[in-house]
Each structure stands twice: as C-alpha cells, then as structure tokens.
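Heads up, the thing below is written out as structure tokens.
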C-alpha cells in the first residue's frame with residue numbers, strides 16, 4: 001500500500017483556477033474532472049491518501065460523489081473550509097476512513113505532525129520530526145523540516161500538479177535543515 005499526501009483540493013470552488021497555478025493544466029469548467037484524473041493516475045485502489053484540509057466547497061452530496069470517484073482510502077485533516085457535520089457524515093457513509101483536527105504519524109521511521117495550517121513549533125521538532133501542512137497554496141516556506149503538501153505546492157516543487165508520495169517528502173526533507181523555534185535546545 002502506497003501513501004500519498006495533499007491538501008487544498010478545493011473541489012467546486014468557483015474561482016480556484018484563477019487564484020492558483022492550476023490554469024497551467026486545466027480550466028475552471030474542467031477542474032473536478034482534472035482533479036479526479038490527476039488523483040486516480042497516482043493513487044491505486046489499495047492506497048491511502050491523507051488530505052490536509054480544504055477538500056470541497058460543494059454541498060454534501062456533490063462532495064460525497066466526488067470523493068467516491070477518487071481511488072483509495074482517504075483520511076482528512078480538517079481545514080478551515082471543511083465542515084465537521086459533512087466530515088462526520090463522510091465517515092458514517094464509508095466515504096472516508098476518518099478525520100482529525102491534528103494527527104501524528106510515522107513516515108519512514110520519522111515522526112510527522114499533520115495539520116492544515118503551517119506552525120512554527122511542533123511536537124518533537126528538536127528531534128528532527130517533520131511537519132506537513134496545507135493552507136498556503138505553495139506560498140509559505142517555513143524554517144526547518146516543514147512542507148506544504150498542497151496540490152499547488154507540488155507544482156512549485158515538480159513543475160506539475162500531483163500528490164506527494166512518501167519518497168517525494170523524504171527527498172525534500174533530506175535537503176532541509178532542522179530548526180528549533182521554541183526554547184528547547186537543539187538535539188544532535
């Protein structure tokens with residue numbers, strides 16, 4: 001099972017193509033079809049994707065149908081445009097596996113903090129943990145082992161829109177220095 005990471009899909013947002021770099025690959029009228037093709041070209045039926053917020057601006061029915069068309073299991077980290085009631089229904093209806101406000105996981109034996117918003121100080125940061133976020137559409141570059149895994153950020157990193165694989169994240173993080181923003185001394 002492969003694992004992927006993305007955020008800020010903004011399905012059914014009426015102006016997202018003009019607000020972002022997506023116009024290089026799609027039009028507003030074709031946005032949801034483009035997103036689904038992009039997703040399904042990377043994610044297989046047995047794979048897992050973490051969506052770090054801002055999934056859809058559509059109503060529940062539209063959002064449910066859209067997510068059902070996307071391959072693999074989905075876990076959502078709630079973004080500022082995601083509605084709790086809809087997320088709860090998506091879990092109840094078996095469309096997503098779970099949703100969280102904040103989650104800690106492991107990627108290649110590294111501790112990783114998942115949160116929609118970029119934060120400057122996160123759990124185990126002084127030990128080299130990573131922080132994956134969304135929200136900024138590729139416009140925020142924090143210090144340390146922090147990465148915007150949004151669909152628009154991938155365009156900045158790879159010259160194309162795609163979901164981040166664990167290998168992509170590991171490669172990018174290997175080029176970043178550890179930074180400690182709080183009063184804990186840096187661990188070597």
Q) Is it true that residue 137 is assigned to a loop (DSSP other than H, G, I, E, B) and in contact with a helix residue (DSSP H, G or I) (Cβ under 8 Å, 6 or more places away or on another chain)? A) yes
Q: Would you mention how many residues in the stretch 165-175 are closer than 15 Å to residue 106 by Cα and not in a helix (DSSP H, G or I)?
A: 1
Q.
As an exercise: evaluate residue 170 against (1) at pLDDT 95 or above; (2) surrounded by 15 or more Cβ atoms within 10 Å (Cβ to Cβ); (3) in contact with a strand residue (DSSP E or B) (Cβ under 8 Å, 6 or more places away or on another chain) and give the number of the one condition it does not meet.
A. (2)
Q | Within the stretch 1-91, strands (runs of 3 or more DSSP E) holding 3 or more residues that are in contact with a helix residue (DSSP H, G or I) (Cβ under 9 Å, 6 or more places away or on another chain) and within 21 Å of residue 115 (Cα to Cα) | A | 3-6
Q. From the list 126, 154, which one is within 12 Å of the chain's Cα centre (by Cα) and either surrounded by 15 or more Cβ atoms within 10 Å (Cβ to Cβ) or assigned to a strand (DSSP E or B) (or both)?
A. 154
**Q.** Restricting the stretch 100-119 to residues that are in contact (Cβ under 8 Å) with a residue 24 or more places away in the chain and loosely packed, with under 14 Cβ neighbours inside 10 Å, the residue that is farthest from the chain's Cα centre (by Cα)
**A.** 108
Q) Does residue 53 meet the test of being more than 18 Å from the chain's Cα centre (by Cα) and within 27 Å of residue 169 (Cβ to Cβ)? A) no
Q | Residues being more than 21 Å from residue 10 (Cβ to Cβ) and modelled with pLDDT of 95 or more - total across the stretch 130-164 | A | 4
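The values are calculated or read from the model by the stated rules, or taken from the named source; none is laboratory data. As the structure is a computational prediction, the values presented were derived from the model and not from experiment. Glycine also receives a Cβ, built like all others from the backbone with ideal geometry; neighbour counts cover every protein chain displayed.
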